[in-house]
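One structure is given here, and the rest of the page talks about it.
Where a number appears in this text, it was derived from the coordinates with a stated rule and is not lab data. Keep in mind that this is a model prediction, so the values were computed, not measured. Using ideal geometry, Cβ is built from the backbone for each residue, glycine included, and neighbour counts are taken over all protein chains shown.
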Amino acid sequence: MSKMSDMAMTIEELRNAAAAITDVANYLAEMFSGNAAEEQPEKKAPDQKPALTLEQVRVVLSEKSRAGHTAGVRELLQKYGASKLSQVDPANYEALLRDAEVIGNAT
């Protein structure tokens, strides 16, 4: 890999890390602001899977990117109408992860 390619990948990983830190900080601020204590937890059907979070999806896509599949991750985000993960509709997280599973898997 060229130095410019390595630098571009490092920059992308730093941006992903910064976005993850921001997301966690926002989540913690919301949890401890007092508003969360007033809300009742949602009751879920026993057989319903919990919704995927941005952080869970970010972990998977970051691993793919670190494995050298940054271009594939970008194409996948574009497929879902986004230039970065935080722009993807949370309703599409499950489908996005299914699509991400095949990145880097030769058939």
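What the table below lists for this structure:
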| quantity | calculated |
| --- | --- |
| Chain lengthening between Asp6 and Ala95 when straightened (0.36 nm per residue, less Cα-Cα) | 29.1 nm |
| Stretch gain in nm, segment Ser86-Val102, where the contour uses 0.36 nm per residue and the Cα spacing is subtracted | 3.6 nm |
| Ordering of 3-11, 77-85 by packing [mean C-beta count within 10 Å, highest first] | 77-85, 3-11 |
| Mean Cβ neighbour count within 10 Å, used as a protection proxy, ranking 62-75, 20-33 highest first | 62-75, 20-33 |
